[in-house]
Amino acid sequence: MADQHTRTAEIAGDLRVVLGRLLRRLRAQAEGSDLTKSQSAVLVRLEQAGPATATALADAEGMRPQSMAKIVRALAEAGLITGSPDPGDGRKTLLALSEAARAEFRTGRRAKEDWLTRTIDAELTAAEIDRLADSIELLARIAKSTEST
């Protein structure tokens, strides 16, 4: 059992390193954005969870409302988010992605997927592509895992 745990730990370390490299390569395919990591995180959250108030975004990102206000201001000035009155409380503003931000997400994703498609085709055999396809389900299960230990 200890040998299996050791092997699993080695695989986990290797997987972390390889996935990190892959993510960096994917990010590089859609370079050109001057956004900070915090600004990008807010845009991704709005894309995935939908409109939210600045307070809700600050809570979700674990930051002070004043810090979120700076991020929101920068994103609004860049034309990447829009604000509208909250239907539940008109004193609040609901922030949402602008069409420009949605277009940027689509363009970036296409660039990443195009690079990944070309690279898979160039580097892997048909049998290896099948193995890669089979591994996606396993990686998805790991990603969904709720175990935190």
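The values are calculated or read from the model by the stated rules, or taken from the named source; none is laboratory data. Predicted model, so just to flag it, every value in this text is computed and none were measured. Positions of Cβ are backbone-derived with ideal geometry, glycine not excepted, and every protein chain shown enters the neighbour counts. Heads up: the accessible areas ignore ligands, DNA and RNA and are worked out on the full protein's heavy atoms, side chains in. Shrake-Rupley method; radii C 1.70, N 1.55, O 1.52, S 1.80 Å.
Residue under question is residue 85, and the condition is that it be in contact with a strand residue (DSSP E or B) (Cβ under 9 Å, 6 or more places away or on another chain), at pLDDT below 95 and not β-branched (Val, Ile, Thr); does it hold?
Working: in contact with a strand residue (DSSP E or B) (Cβ under 9 Å, 6 or more places away or on another chain): yes; at pLDDT below 95: yes; not β-branched (Val, Ile, Thr): yes.
Here the answer is yes, as residue 85 does meet what is asked.
When you scan segment 97-118, do you find a residue that is out of contact with any Cys (no Cβ under 6 Å at 6 or more places or on another chain) and more than 24 Å from residue 30 (Cβ to Cβ), even just one? Outline the logic, then answer.
Here is the first cut: in segment 97-118, the ones out of contact with any Cys (no Cβ under 6 Å at 6 or more places or on another chain) are 97-118.
Adding the requirement that they be more than 24 Å from residue 30 (Cβ to Cβ) leaves none.
Within segment 97-118, none of the residues are out of contact with any Cys (no Cβ under 6 Å at 6 or more places or on another chain) and more than 24 Å from residue 30 (Cβ to Cβ).
Can you tell me which residue is modelled with the lowest pLDDT among those in segment 95-149 that are of a type in the set (S, T, N, Q) and open to solvent by 100 Å² or more (accessible area, probe 1.4 Å)? Spell out the reasoning first.
Start the filter on segment 95-149 by keeping residues that are of a type in the set (S, T, N, Q), which leaves 98, 107, 117, 119, 125, 135, 145-146, 148-149.
With open to solvent by 100 Å² or more (accessible area, probe 1.4 Å) added as a condition, the list becomes 146, 148-149.
Working: 146: 74, 148: 55, 149: 48.
Checked segment 95-149; the qualifying residue modelled with the lowest pLDDT is 149.
Being under 20 Å from the mean Cα position of the chain (by Cα), over 29 Å from residue 142 (Cβ atoms) and of a type in the set (D, E, K, R) narrows it down to one residue among 77, 61, 99, 113; which is it? Give the steps one after another, and end with the answer.
Working: 77 fails: under 20 Å from the mean Cα position of the chain (by Cα); 61 fails: over 29 Å from residue 142 (Cβ atoms); 113 fails: over 29 Å from residue 142 (Cβ atoms).
From the options 77, 61, 99, 113, the qualifying one is 99.
Which condition number does residue 20 fail, the rest of (1) surrounded by 15 or more Cβ atoms within 10 Å (Cβ to Cβ); (2) closer than 30 Å to residue 120 by Cα being met?
The single condition residue 20 does not satisfy is (1).
Can you tell me which residue is most open to solvent (accessible area, probe 1.4 Å) among those in segment 78-94 that are in contact (Cβ under 8 Å) with a residue 12 or more places away in the chain and assigned to a strand (DSSP E or B)?
92
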